[in-house]
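Participant: My structure is below; once you've seen it, I'll send some questions.
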Amino acid sequence: MAASSAGQASAAGAVMPSRPAGVRLNDFYEVYERARPEAAQAEGARCMNCGAAFCMPDSGYGQGCPIHNKIPEWNELVRLGRWRDAYDRLSETNPFPEFTARVCPAPCQDACIVGINESPIEIKGIERSIIDRAFDEGWVTPPEPPERAAPTGRRVAIVGSGPAGLAAAERLARRGHAVTVYEKDDRPGGLLMYGVPNMKLDKGLVDRRIALLEQAGVRFEVGRELGKDLDPQRLRAESDALLLALGAQRARPLTIDGADLPGVVPAMDYLTHATRAQGKGRTTDRVPPEFDAAGKDVVVIGGGDTGADCVGTALRQGCRSLANITRRGKPPAGRGADHPWPGPAGAYTLDYAHLEGAARFGEDPRAFGLEPLSIERDPESGGVAGVRIRDRESGGERVVPAQMVVLAIGFVGHAAAEPASRLGLTTDHGVMRGDESGRTGRAGVYVAGDCRRGPSLVVWALREGMAAAESIHADLRADTHAKVRG
């Protein structure tokens, strides 16, 4: 159904208005402006019209938030202007609302019952208004064990500082354990630092949260990669528990002629180098030439969120032209029968980067229903000259000019099968075997996040990290009790 007048009014008074596309293309600052408290309170009032909270999976109705956020409760508190209480309720279930409010695709909003007839409640906007105010007011403090609780003296090693690793570290620090987090890159944060561009998540927010964890006693060691700088068996021997939260950043290969030519770059490498080359939101001249889209015809292959981030990055770097091709056909204008509520609508939408592409070049840069056949070689430079594509509907072929091709076609799992095997762990189709609690069947070894469940959402990584932390704490406590009884 089309949005009602009430839904349209809500959209006009957005909780998180975006900066004009033509303005934000000149920098890497966040797309969305600060959340507006008065609009958040109005949205909280709309939420109170709901008769069944499908936004919460534990409500008995729906399949919304994976971390069981008590969404209607903090929406009501915001409506009443009880901001501190709203933050307390939000932080009960979500360790990092400033991240999810910016990068989560919001399955809770897809499941919102108000969204059947109107625009869904802007849950992300309300969440951001709460957490931004909490930081402004000084309500966010380092995680601490309960009052009068003594440190346990138990040492936990976490490999990987992405959302799963950070969530586990936060929960374990609250339990009084000594936590060390190892990260292969030069800055902690994992996917949050280098996999999500600055215009979606300001890196200062990641640094701020890392600093809070450090104040709680969590140690971070960067430039340490499992199997290279870190011996897995030694790390296990020196720790009371070891959690692997390695992510799943091994890129899916493109198996067509020319995919190995200079100028063809994986999406994650591209986003990482682009982020490293930014200083406080502005581009600098430090981007390696092979990862710089300035003055080039660029083709991004892959139509998902990562593809959109590559589009937004290439536009900001100053590409000459841009095409984002995907095999999938163009989605319908509204929810179709194959996408029943309360799941994602599967409808045609314009993400931030697509709107920016339209602002720069006059139309949505995406081209649907196209299959890449080969990447053409430039005989003079030896690099890329273009991408030969076939229209899957008409069968027609043509070459799209390009000097740079970014592959955003997904991921096939983690890249640490050999060191994981030394811990007795099995990798099956790119993921490590372990249950939803994070336990692997190997004493003292746990897994969480994308390396366990496969490439997924940040909010699922948070759930995985918190679940593994609870398992680690329970097992360490049981071990302590057993030693005392012995």
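The values are calculated or read from the model by the stated rules, or taken from the named source; none is laboratory data. Small disclaimer: the values here were computed from a predicted structure and weren't measured. Ideal geometry is used to build each Cβ from the backbone, glycine not excepted, and the neighbour counts take in all protein chains shown. Ligands, DNA and RNA are excluded from the accessible area calculation, which covers all protein heavy atoms including side chains. Shrake-Rupley method; radii C 1.70, N 1.55, O 1.52, S 1.80 Å.
Participant: For the chain, what does the helix formula give at 222 nm: sum of -39500 (n - 2.57) over DSSP H segments with n ≥ 4, over the residue count, nearest 500 deg cm²/dmol?
Facilitator: Computed ellipticity for the chain at 222 nm equals -10500 deg cm²/dmol.
Participant: Over all pairs of distinct alpha carbons, what does the Kirkwood formula give as the hydrodynamic radius of the chain, in Å?
Facilitator: Values: mean 1/r = 0.0420 Å⁻¹.
Mean inverse Cα-Cα distance, inverted, gives 23.8 Å.
Participant: Answer with one residue from Leu476, Ala402, Val458: the one whose Cα lies farthest towards the positive end of the charge dipole of region 331-481, charges on Cβ with Lys, Arg +1 and Asp, Glu -1.
Facilitator: Result: Leu476, furthest along the dipole toward the positive end.
Participant: A further question on this structure: Take the Cα atoms of region 226-378, build their convex hull, and give its volume per residue in Å³.
Facilitator: Spelled out: Cα convex hull of region 226-378, divided by residues, is 203 Å³.
Participant: GluC sites (Glu not before Pro), restricted to region 216-310: which are DSSP loop and have at most 12 other Cβ atoms within 10 Å?
Facilitator: Glu238
Participant: Pairs on different chains or at least eight residues apart, Cα atoms closer than 24 Å: how many lysine pairs in the chain fit?
Facilitator: 10
Participant: Another question, then. Which value, in debye to the nearest 20, describes the size of the charge dipole of region 377-417 about its Cα centre when Lys and Arg Cβ atoms bear +1, Asp and Glu Cβ atoms bear -1, and nothing else is charged?
Facilitator: Values: 5 positive and 5 negative charges, 18 e Å.
Once rounded to the nearest 20, the dipole reads 80 debye.
Participant: For region 150-218, report the translational diffusion coefficient in µm²/s to the nearest whole number, using Stokes-Einstein at 25 °C, 0.890 mPa s, and a Kirkwood Rh over Cα pairs.
Facilitator: The diffusion coefficient I find is 200 µm²/s.
Participant: Let me ask you something else. At a Förster distance of 56 Å, what's the computed FRET efficiency of Met48 paired with Asp260, Cβ-Cβ distance as r, to 0.05?
Facilitator: Details: r = 57 Å, r/R0 = 1.01.
Result of the calculation: an efficiency of 0.50.
Participant: Moving to a separate point now. Could you please put Tyr194, Tyr29 in sequence from largest to smallest accessible area, using a 1.4 Å probe?
Facilitator: So, going from the largest accessible area down, we get Tyr29, Tyr194.
Participant: Could you pull out the GluC sites (Glu not before Pro) across region 323-384 that fall in loop regions by DSSP (anything but H, G, I, E, B) with no more than 14 other Cβ atoms inside 10 Å? Could you put the intermediate results ahead of the total?
Facilitator: Numbers: sites: Glu356, Glu363, Glu376, Glu380; in loops: Glu363, Glu380.
Sites meeting the loop and neighbour criteria: Glu363, Glu380.
Participant: Still on this structure, please answer the following. What number, in percent, do you get for the relative contact order of region 150-267 if the mean sequence gap of Cα pairs under 8 Å and at least 6 apart is divided by its residue count?
Facilitator: On the way: 164 pairs, mean separation 40.3, N = 118.
Averaging sequence separation for qualifying contacts and normalising by length gives 34 percent for region 150-267.
Participant: While we're looking at this one, here's another question. How high is the relative contact order of region 93-167? Use alpha-carbon pairs under 8 Å, at least six apart in sequence, and give a whole percent.
Facilitator: In percent, rounded to a whole number, it is 27.
Participant: Round to the nearest 0.05 the FRET efficiency obtained for Tyr348 and Asp207 when R0 = 35 Å and r is the Cβ-Cβ distance.
Facilitator: Rounded to the nearest 0.05, the efficiency is 0.45.
Participant: What are the trypsin sites (Lys or Arg not before Pro) within region 278-360 that DSSP puts in a loop, where the Cβ has at most 16 other Cβ atoms within 10 Å?
Facilitator: Filter output for region 278-360: Lys280, Arg286, Arg320, Arg327, Arg328.
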